[in-house]
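A.B. asks: Please see the structure below; I have some questions.
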Amino acid sequence: GAVVSQHPSWVICKSGTSVKIECRSLDFQATTMFWYRQFPKQSLMLMATSNEGSKATYEQGVEKDKFLINHASLTLSTLTVTSAHPEDSSFYICSAVGTSGGISYNEQFFGPGTRLTVL
Amino acid sequence: QQQVKQSPQSLIVQKGGIPIINCAYENTAFDYFPWYQQFPGKGPALLIAIRPDVSEKKEGRFTISFNKSAKQFSLHIMDSQPGDSATYFCAATHNYGQNFVFGPGTRLSVLP
């Protein structure tokens, strides 16, 4: 199966700082990447969808100026939480769909997640 | 139209039992139905998936049953083990994963 990595796995930062989370597809070309947020014991909340080389599409209620998403290559997308505040503390998960060897995947493959704690 | 309903919200079974998680959808354009397993502090992992042209798919102890006319599908876990304790999400998609809808999840606890 396809592998997606995320870095860092956890981060603690002070309020007001910015934090960057990387999402990489290791063995396939990720034409589309998704960013989710998950609160404890809750389902995945889609934040935004990004296609390689184009601007991300944000879900309603997600501040695009606060959650900056860049999908510069077919293997890398980044999420930057700008001016983070304690209410931004959450588990952030990326996923990707794409192709490998000319075969298109139907499934989303998820990264291991990043735990963000803002003090 | 885009919603996927999932039940139950939580489920507790004894070791060896057969938990069943049910999902229902409305959008007939969906053509692929994956299930994901998520352990605490980890990202969801693909467990098993089915297309609507088959009524059942089995992989190891996991079986998906699919009822196209009722627009329902379910996950059965045979001989459940404590290690199966996790949150399970059903999903529905079409257009090669571009349009993806998750169910709200089911927290399964398998007692030893």
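A.B. asks: Suppose we filter segment B:61-77 for residues that are in a strand (DSSP E or B) and of a type outside the set (Ser, Thr, Tyr); how many remain?
C.D. replies: Here the count works out to 9.
A.B. asks: Now, a different point. Identify all residues within segment A:1-56 that are of a type in the set (Ser, Thr, Tyr), in a loop (DSSP other than H, G, I, E, B) and modelled with pLDDT under 95; write none if there are none.
C.D. replies: A:43, A:54
A.B. asks: Scan segment B:78-112 for residues that are over 16 Å from residue B:9 (Cα atoms) and assigned to a strand (DSSP E or B) and jot them down.
C.D. replies: B:92, B:93, B:94, B:99, B:100, B:101, B:111
A.B. asks: Tally the residues that are of a type in the set (A, V, I, L, M) and without any contact (Cβ under 8 Å) to a residue 60 or more places away in the chain, restricting the search to segment B:74-105.
C.D. replies: Selection size over segment B:74-105: 3.
A.B. asks: Quick check on segment A:72-97: of everything there that is farther than 12 Å from residue A:21 by Cβ, part of a strand (DSSP E or B) and away from chain B (no Cβ under 14 Å), which residue is modelled with the lowest pLDDT?
C.D. replies: A:72
A.B. asks: Right, another one. If I go through segment B:12-52 residue by residue, how many of them are away from every other protein chain (no Cβ under 12 Å), part of a strand (DSSP E or B) and in contact (Cβ under 8 Å) with a residue 60 or more places away in the chain?
C.D. replies: 6
A.B. asks: Condition first: touching a Leu at 6+ places or on another chain (Cβ under 7 Å) and within 19 Å of residue B:94 (Cβ to Cβ). Can you find one or more residues in segment A:50-67 that meet it? Let's see the steps before the verdict.
C.D. replies: Within segment A:50-67, the subset touching a Leu at 6+ places or on another chain (Cβ under 7 Å) is A:52, A:59, A:67.
Those still in the list that are within 19 Å of residue B:94 (Cβ to Cβ) too: A:59.
Looking for residues that are touching a Leu at 6+ places or on another chain (Cβ under 7 Å) and within 19 Å of residue B:94 (Cβ to Cβ), one finds at least one in segment A:50-67, hence yes.
A.B. asks: Let me ask you something else. What are the residues in segment A:98-118 that are hydroxyl-bearing (Ser, Thr, Tyr), buried (at least 16 other Cβ atoms within 10 Å of the Cβ) and more than 7 Å from chain B (Cβ to nearest Cβ), if any? Steps first, please.
C.D. replies: Residues of segment A:98-118 that are hydroxyl-bearing (Ser, Thr, Tyr), as a first pass: A:99-100, A:104-105, A:114, A:117.
Next cut, buried (at least 16 other Cβ atoms within 10 Å of the Cβ) only: A:105, A:114.
Once the filter is applied, which keeps residues that are hydroxyl-bearing (Ser, Thr, Tyr), buried (at least 16 other Cβ atoms within 10 Å of the Cβ) and more than 7 Å from chain B (Cβ to nearest Cβ), segment A:98-118 yields only A:114.
A.B. asks: Same structure again: Considering every residue within segment B:53-60, establish whether at least one is surrounded by 15 or more Cβ atoms within 10 Å (Cβ to Cβ) and either within 13 Å of another protein chain (Cβ to nearest Cβ) or outside any strand (DSSP E or B) (or both). So that I can check it myself, show each step before the final result.
C.D. replies: Pass one, segment B:53-60, residues surrounded by 15 or more Cβ atoms within 10 Å (Cβ to Cβ): B:57.
The next check asks that each one be either within 13 Å of another protein chain (Cβ to nearest Cβ) or outside any strand (DSSP E or B) (or both); those that pass are none.
No: zero hits.
A.B. asks: Does residue A:43 satisfy the condition of being more than 13 Å from chain B (Cβ to nearest Cβ) and surrounded by fewer than 20 Cβ atoms within 10 Å (Cβ to Cβ)?
C.D. replies: For residue A:43, the condition - more than 13 Å from chain B (Cβ to nearest Cβ) and surrounded by fewer than 20 Cβ atoms within 10 Å (Cβ to Cβ) - is not met.
A.B. asks: Now for a different question. With respect to residue B:9, determine if the residue is touching a Lys or Arg at 6+ places or on another chain (Cβ under 9 Å) and away from chain A (no Cβ under 14 Å). Before you say what the answer is, go through the steps one by one.
C.D. replies: Values: touching a Lys or Arg at 6+ places or on another chain (Cβ under 9 Å): yes; away from chain A (no Cβ under 14 Å): no.
Criteria not met by residue B:9.
A.B. asks: Working only within segment B:86-105, note down all residues that are more than 9 Å from chain A (Cβ to nearest Cβ), at pLDDT 90 or above and within 19 Å of residue B:50 (Cα to Cα).
C.D. replies: Scanning segment B:86-105 gives B:88, B:90, B:92.
The values are calculated or read from the model by the stated rules, or taken from the named source; none is laboratory data. From a predicted model like this one, the values you see are computed outputs, not experimental measurements. With ideal geometry, Cβ positions are generated from the backbone for all residues, glycine too; neighbour counts draw on all protein chains shown.
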